[in-house]
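Read-outs throughout are calculated quantities, based only on the coordinates presented, and are distinct from any laboratory measurement. Worth saying up front: this structure is predicted, and the values here are computed from it rather than measured. Counting neighbours? That spans all protein chains shown, and the Cβs are built from the backbone with ideal geometry, glycine included.
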Amino acid sequence: MPVSVVMPALEMAQETGKLISWLKKEGQQVAKGEPLLEVETDKAVMEVEAPGDGILAGIKVQEGDVVPVGQTIAWLVAPGEKPPAEAAPVASAARAVQPAQRAAAAPAPVAEPSTSAGARISPKARRLAREYNVDLNKVRGTGPDGAITTDDVLAAVEPAFVPAPVASLPAAEAPSPVARLMAERTTQSWTTTPHFYLARDVDATALNGVRARLASVIEKESGAKPSHTDLLVALVSRILARHPRLNGSWNSSAVQPNSEVNIGVAVAVKDGVVSVVIPQADKATLADISAQVREKAERARAGRLHPADIAGATFTISNLGMFGVDSFQAIITPPQAAILAVGRIADRVVVVNGQPEVRPMMTLTLSCDHRVVDGAQAAVFLKELAEAIGGAGEDLR
């Protein structure tokens, strides 16, 4: 029986995917779990695995095409078997008609942007059209069967918001998908999440010491020396296991506890930032954490992330110390309850036992969602983290 290959939903709220390349050619044998195609989403380019065994046949989508999530784009068939010819398009068309019929029966909302007769449009594209007052009758859809996509709406918005070029100024540059998504999400978080911040200066002497002592051992196990970020992932995750609120999520109107401690690590990529995820970090060894961070960061910078690389974070760490930043306040990634901003480690004069001493110090700034965490809970977490950093030892392995 033929197995359909569909455009997958690799992210939350994803509506379409862009086919970057087929990793197999039509007529080639494919094994289940083998990389089959590359898809670009708003975050990155990701490899998609084959859903079954068979011969790749009936390819319906070419490189560069933007396809709705769930649409059949090819088939995996047995030797001598032919892919279905009409069943998939008919089913797809039927699914597209049903929402339109339901919408016709419902009362029209106020100020709802209209479209030309028969044009399909995704809910997100329609919302953007409302926000930017775009006349959908004047938008030409570039999606399948002329469907209007979010990119079509944004393309119609840009001329109205970009000033005419001035001879002495460079022309305005349209944001990349990653930059546009980051702008949308940070705006949503900043305007809807009640942030508050706690900052603490921490003596990093012990952290530096354990990193130096374990460097050669971890390098043999993972192939890379542990970074300060790796050490912080290990420490933070173990403390989060005792602070379920900091590891929780805001879900509409309630606090949702998370059964796992999955740490997101912010990684700078072209035109934005992506958080790669270390699942169950509180149970992972430092060598495993170090290897995962390095491998996933490399994939992120190369635009070759896997779906699992960015899924399920319950807490995020953003370290800008390597750029010489002393301290900063990070914006929370919904639905997470908190994010830890880490500054550089630098020698400062501090008072120790009543005497001035030079110590390697770092500033930690914790951003919290006040709907989930109160000040006292956040303060206790930060206090325990500071104590763990100050007493970091061999148990980090």
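Values as computed for the structure displayed
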read-out: Highest-first arrangement of 180-186, 361-367, where packing means the average Cβ count within 10 Å; value: 361-367, 180-186
read-out: Listed residues ALA85, PRO35, GLY64: farthest to the positive end of the dipole of region 3-89 (Cβ charges); value: ALA85
read-out: Net charge of Cβ neighbours under 13 Å - reference ALA241; Lys, Arg +1; Asp, Glu -1; value: +1
read-out: Net charge over other residues, Cβ less than 14 angstrom from the Cβ of GLU49 (K, R count +1; D, E count -1); value: -2
read-out: Mean Cβ neighbour count within 10 Å, used as a protection proxy, ranking 49-56, 191-198 highest first; value: 49-56, 191-198
read-out: Mean separation of Cα contacts under 8 Å, 6 or more apart, over the residue count of region 182-396: relative contact order %; value: 30
read-out: Amide H partners (placed H, <5 Å) of VAL325, local residues excluded; value: ARG344
read-out: Region 234-330, dipole about Cα centre (Lys/Arg Cβ +1, Asp/Glu Cβ -1), debye to the nearest 20; value: 60
read-out: Beta bridges per DSSP with both ends in region 2-73, % antiparallel, nearest 5; value: 100
read-out: ³J(HN,Hα), Karplus 6.51/-1.76/1.60, whole Hz, each residue of region 61-72, x for Gly, Pro; value: 10, 9, 4, x, 6, 9, 10, x, 4, x, 7, 5
read-out: Cut-off 11 Å between beta-carbons: net charge of the residues surrounding ARG299, Lys and Arg +1, Asp and Glu -1; value: 0
read-out: Set of lysines near LYS25 by C-alpha distance (under 18 Å), chain-local residues within fewer than 8 positions excluded; value: LYS60, LYS82
read-out: Burial ranking of peptide ranges 311-318, 381-388, 251-258, 133-140 (average Cβ count within 10 Å, highest at the top); value: 311-318, 381-388, 133-140, 251-258
read-out: Efficiency of FRET between ASN137 and THR192 - r from beta-carbon atoms, R0 35 angstrom, step 0.05; value: 0.65
